[in-house]
Amino acid sequence: LSQQNLDPDLARGVTQNKGVLQGLTLLAFVILLLAASNYVNLAQVRTLQRQREIALHKILGASTQRVVAQFLSESILVCVIAAALGCVLAWLVLPAFSEFLGIDLNDSFSLASVLTCLVFAILLGILSGLLPAYSAFKVLPNAALQGRGDQESAQGQKLRRILSFAQMSAAIALLASALAVAWQSHFLANQNVGYDTRNLITMQLPGDTAKQRILAFAS
């Protein structure tokens, strides 16, 4: 505990540690993958429910490429709207989050970062819409209109079950990790530090203060 809590690098902010930054980045990607897999599952189910609609589009002259483009466009639109809402929420909570980390993050929210977020949202929308678009591509108009195309293939069911299992497993792991960190933080916040700070003057010294100067000041 003494090495962790009295570390000068830790006193300047946890974001000074590259390992912590890499861990936060990995956590963000895991949450993003959870959201993407959830959308793929829901979009796949909706594609099965829309097979008659897709069949009618094909019969009325819509090409297969146009049907695929429609599903990819829907996926991209959902991701762009979600990214826009995420940027708004990030802008609102940025001051509090910056204070929590102990580092100024106001300069990190710029037009370039917003445009980069939107570009990644478009790429994610394309990747998330590939499976629903492929399912729409495989719809046979005759079978769908006769009511024989509503069943999902064995491969599709297996893939959706794998995505659901991975999604629930990752969500449970994230929840367990968050609870563990919260319990540890609560324990350290209420832990007896070994001396009574009441009626004493305490101050925070710069992190690069030499040990000899600290001892000389204390004496």
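The values are calculated or read from the model by the stated rules, or taken from the named source; none is laboratory data. What you are looking at is a predicted structure, and each value in this text was computed from that prediction instead of being measured. Note: ideal-geometry Cβ built from the backbone for every residue, glycine included; neighbour counts use all protein chains shown. Ligands, DNA and RNA are excluded from the accessible area calculation, which covers all protein heavy atoms including side chains. Shrake-Rupley method; radii C 1.70, N 1.55, O 1.52, S 1.80 Å.
Are any of the residues in segment 61-80 exposed (fewer than 12 other Cβ atoms within 10 Å of the Cβ), free of Cβ contacts under 8 Å to residues at least 40 places away in the same chain and hydrophobic (A, V, I, L, M, F, W, C)? Steps first, please.
Step one: list which residues in segment 61-80 are exposed (fewer than 12 other Cβ atoms within 10 Å of the Cβ), which gives 61, 63, 65-66.
From what's left, free of Cβ contacts under 8 Å to residues at least 40 places away in the same chain: 61, 63, 65-66.
Going one step further and asking which of them are hydrophobic (A, V, I, L, M, F, W, C), we end up with none.
No: segment 61-80 contains no residue that is exposed (fewer than 12 other Cβ atoms within 10 Å of the Cβ), free of Cβ contacts under 8 Å to residues at least 40 places away in the same chain and hydrophobic (A, V, I, L, M, F, W, C).
Do you know which residues across segment 46-60 are closer than 24 Å to L127 by Cβ and open to solvent by less than 50 Å² (accessible area, probe 1.4 Å)? T47, L48, R50, Q51, I54 - these are the residues of segment 46-60 that are closer than 24 Å to L127 by Cβ and open to solvent by less than 50 Å² (accessible area, probe 1.4 Å). Are any of the residues in segment 99-112 of a type in the set (A, V, I, L, M, F, W, C), touching a residue at least 60 places away in the same chain (Cβ under 8 Å) and open to solvent by less than 60 Å² (accessible area, probe 1.4 Å)? Taking every residue of segment 99-112 in turn, at least one turns out to be of a type in the set (A, V, I, L, M, F, W, C), touching a residue at least 60 places away in the same chain (Cβ under 8 Å) and open to solvent by less than 60 Å² (accessible area, probe 1.4 Å).
Can you go through F165, F187 and tell me which one is out of contact with any helix residue (DSSP H, G or I) (no Cβ under 7 Å at 6 or more places or on another chain), closer than 28 Å to T47 by Cα, open to solvent by 70 Å² or more (accessible area, probe 1.4 Å) and modelled with pLDDT of 70 or more?
Numbers: F187 fails: closer than 28 Å to T47 by Cα.
Testing whether each residue is out of contact with any helix residue (DSSP H, G or I) (no Cβ under 7 Å at 6 or more places or on another chain), closer than 28 Å to T47 by Cα, open to solvent by 70 Å² or more (accessible area, probe 1.4 Å) and modelled with pLDDT of 70 or more leaves just F165.
So is F100 out of contact with any Lys or Arg (no Cβ under 6 Å at 6 or more places or on another chain), over 28 Å from R46 (Cα atoms) and of a type in the set (A, V, I, L, M, F, W, C) or not? Here the answer is yes, as F100 does meet what is asked. Here D150 passes the criteria (1) exposed (fewer than 13 other Cβ atoms within 10 Å of the Cβ); (2) assigned to a helix (DSSP H, G or I); (3) modelled with pLDDT under 80 except the one numbered (2).
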